[in-house]
Amino acid sequence: MNIQAPKGTRDILPLEIIKWRYIEGIIDKLCKYYGYRELRIPVFEYTELFQRGVGDTTDIVQKEMYTFEDKGGRSITLRPEGTAGVVRSYIQNGMASLPQPVKLYYNITAYRYENVQKGRYREFNQFGVEAFGADGPSIDVEIISILDDLFGKLGLKGIKLNINSLGCSECRKKYNKELVDYLRPKLKGLCHICNDRFERNPLRIIDCKEKKCGIILKDAPALADKLCDGCNEHFEGLKNGLVNLNINYNVDKNIVRGLDYYTRTVFEFVSENVGTQGTVCGGGRYDNLIVAFGGKPTPGIGFGLGMERLFMEIDSQGLVIPGNAETDIFVVSIGKKAELYTQKLVKQLRGKGVIAEKDHMGRSVRAQLKYANKLGAKYTVVIGDTEVESNKAVLKDMNTGEEKDVSLDSIPERMKT
Ligand code: ATP
Ligand code: MG
């Protein structure tokens with residue numbers, strides 16, 4: 001039998017986990033400073049949630065969902081993203097009665113049936129943030145600022161921020177008419193999915209990645225040029241806030257984002273290092289989504305950042321993430337009595353927060369020391385009958401070679417001096 005992991009999935013091995021924990025630690029801290037609280041949502045939801053929440057004319061819903069019927073005959077889908085589940089949770093748990101805005105973040109796996117390529121997996125990890133209840137651009141600026149700080153803290157350079165506005169339903173209605181008039185005579189040149197979108201949601205066509213569609217779309221009217229006064233003011237407020245915080249941006253009128261529910265602000269952080277599509281992170285405002293899910297009218301904004309793409313970026317820029325030392329001390333034992341003593345000693349050391357190791361393979365003393373070296377142990381101590389009786393031993397610093405006589409119960413303190 002030779003079973004491989006399913007296509008598009010990957011194991012995160014122990015040495016990589018150190019890096020993941022490090023980055024997740026920075027994210028947790030950053031979110032704490034910004035006042036965002038962690039939320040954990042289920043891996044699967046009823047399919048309808050994503051059909052309505054992500055939108056049934058999106059790539060995700062049309063092509064990429066892992067959907068199946070469970071044994072009770074319900075249609076279930078593995079979450080392809082986080083926002084829909086978070087919004088459901090916000091409504092279901094009555095978070096509307098909390099002081100606004102309600103600021104949440106999550107770190108989740110997501111599932112999409114995609115063509116696997118560089119930076120594109122079928123199971124991947126997303127760090128995301130959602131803020132509910134604030135309709136002004138101030139919160140838009142805040143969540144973009146979280147990302148700016150994250151990249152800054154990691155020392156990442158050259159990740160570009162593109163912003164756009166998709167307006168409100170009113171701007172969208174007017175614009176849709178113009179777009180339809182522009183596209184109607186060119187329908188034959190568009191792919192078959194865009195032909196379907198033309199009937200159901202023409203704006204989606206702007207997001208198409210097919211080359212032949214791209215050529216036609218180059219001269220299409222842009223939504224950002226047709227905004228109503230309110231939407232224009234919001235967009236200007238966003239730009240002013242970004243300038244105020246010294247966050248560089250570029251207006252890209254072609255961003256519509258992959259999800260149907262966006263209104264007004266949409267944005268992406270892009271880089272050449274993260275594969276064909278280049279998006280490290282995407283987000284936007286979704287002022288109509290909560291109502292669509294049956295909640296009270298509530299504005300919302302959020303983003304999703306691909307963790308694997310963040311790591312690709314970190315690797316491409318050659319950043320070194322500090323790794324934890326794996327072993328503080330290795331306790332070598334000689335003989336049966338010493339072995340039992342060692343068993344107790346490592347338990348005590350671990351109880352005091354020391355990463356302590358011992359042999360489990362019946363190795364000779366020499367082999368135990370060799371193994372301690374391989375583990376990168378910072379200290380070793382050798383326990384034989386004399387040490388057991390006197391409660392004293394020699395603590396050796398493996399980096400400097402320095403040796404100290406210590407009493408066995410003072411080891412944790414003596415390792416620090
Ligand atoms: P793309 O344009 O790359 O298809 P998207 O618009 O589908 O991205 P979102 O739904 O906005 O992406 O998801 C947010 C982020 O999650 C993306 O910016 C990307 O970093 C990451 N992401 C999306 N799909 C994948 C995937 N299949 N594998 C790894 N990361 C992904
Ligand atoms: Mg996609």
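The values are calculated or read from the model by the stated rules, or taken from the named source; none is laboratory data. Bear in mind the structure is a predicted one, so any value in this text is a computation, not a measurement. Glycine also receives a Cβ, built like all others from the backbone with ideal geometry; neighbour counts cover every protein chain displayed. Accessible surface is based on the protein model in full, side chains and every heavy atom, while ligands, DNA and RNA are left aside. Shrake-Rupley method; radii C 1.70, N 1.55, O 1.52, S 1.80 Å.
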Segments classed as helices (runs of 4 or more DSSP H), wholly inside the stretch 192-249, with at least 3 members that are crowded, with 20+ Cβ neighbours inside 10 Å, out of contact with any Asp or Glu (no Cβ under 6 Å at 6 or more places or on another chain) and in the same structural domain as ASP135 (by TED's automatic domain parsing):
229-244
Which numbered condition ASN115 fails, given (1) part of a strand (DSSP E or B); (2) within 12 Å of ligand 1 (Cβ to nearest atom); (3) not hydroxyl-bearing (Ser, Thr, Tyr)
(1)
Contact list, first residue from the stretch 1-25 and under 14 Å from GLY323 (Cα atoms), second anywhere and modelled with pLDDT under 95 and open to solvent by 90 Å² or more (accessible area, probe 1.4 Å), beta-carbon distance below 8 Å, six or more apart or interchain, is ILE18/ASN324
Number of positions in the stretch 116-151 that are over 22 Å from GLU38 (Cβ atoms) and open to solvent by 30 Å² or more (accessible area, probe 1.4 Å):
8
Residue count, the stretch 51-71 (criterion: over 17 Å from ARG120 (Cα atoms), open to solvent by 40 Å² or more (accessible area, probe 1.4 Å) and of a type in the set (Ser, Thr, Tyr))
1
Kindly indicate the residue of the stretch 367-417 that is open to solvent by 60 Å² or more (accessible area, probe 1.4 Å) and in contact (Cβ under 8 Å) with a residue 40 or more places away in the chain and also farthest from VAL332 (Cα to Cα) among those meeting that condition.
ASP409
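Right, ARG21: over 23 Å from TYR262 (Cα atoms), open to solvent by 50 Å² or more (accessible area, probe 1.4 Å), among the charged types (D, E, K, R) and in the same structural domain as TYR262 (by TED's automatic domain parsing) or not? Step through it out loud before you land on a result.
Working: over 23 Å from TYR262 (Cα atoms): yes; open to solvent by 50 Å² or more (accessible area, probe 1.4 Å): yes; among the charged types (D, E, K, R): yes; in the same structural domain as TYR262 (by TED's automatic domain parsing): yes.
So ARG21 fits the description; yes.
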Could we say that ARG172 is within 13 Å of ligand 1 (Cβ to nearest atom) and out of contact with any Phe, Trp or Tyr (no Cβ under 7 Å at 6 or more places or on another chain) here?
no
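Within the stretch 122-135, is even one residue more than 21 Å from PHE267 (Cα to Cα), within 16 Å of ligand 2 (Cβ to nearest atom) and assigned by TED's automatic domain parsing to the domain that holds ARG309?
Within the stretch 122-135, the first condition is being more than 21 Å from PHE267 (Cα to Cα), and the residues that meet it are 122-123.
Filter once more, so that each one left must be within 16 Å of ligand 2 (Cβ to nearest atom): 122-123.
Restricting the remaining residues to those that are assigned by TED's automatic domain parsing to the domain that holds ARG309 gives 122-123.
Looking for residues that are more than 21 Å from PHE267 (Cα to Cα), within 16 Å of ligand 2 (Cβ to nearest atom) and assigned by TED's automatic domain parsing to the domain that holds ARG309, one finds at least one in the stretch 122-135, hence yes.
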When the residues of the stretch 258-272 are narrowed to those that are charged (D, E, K, R) and buried (at least 21 other Cβ atoms within 10 Å of the Cβ), which ends up farthest from the chain's Cα centre (by Cα)?
ARG264
Select from the stretch 33-69 the residues that are more than 16 Å from ligand 2 (Cβ to nearest atom) and of a type in the set (Val, Ile, Thr) and write down the one among them that is farthest from ILE144 (Cα to Cα).
THR67
Just the residues that are over 16 Å from the mean Cα position of the chain (by Cα) and open to solvent by 90 Å² or more (accessible area, probe 1.4 Å), please, taken from the stretch 24-44.
TYR33, PHE44
Quick one: count up the residues across the stretch 70-100 that are of a type in the set (Lys, Arg) and within 16 Å of ligand 2 (Cβ to nearest atom).
1
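Out of all the residues in the stretch 62-112, which are basic (Lys, Arg), away from ligand 1 (no atom under 16 Å from the Cβ) and in contact with a strand residue (DSSP E or B) (Cβ under 6 Å, 6 or more places away or on another chain)? Break it down stepwise before answering.
Here is the first cut: in the stretch 62-112, the residues basic (Lys, Arg) are 63, 71, 74, 79, 88, 103, 112.
Applying the additional criterion that residues be away from ligand 1 (no atom under 16 Å from the Cβ) yields 71, 74, 88, 103.
Residue satisfying the conditions is LYS103 alone.
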Which count do you get for residues in the stretch 59-88 that are hydroxyl-bearing (Ser, Thr, Tyr) and within 12 Å of VAL43 (Cβ to Cβ)?
2
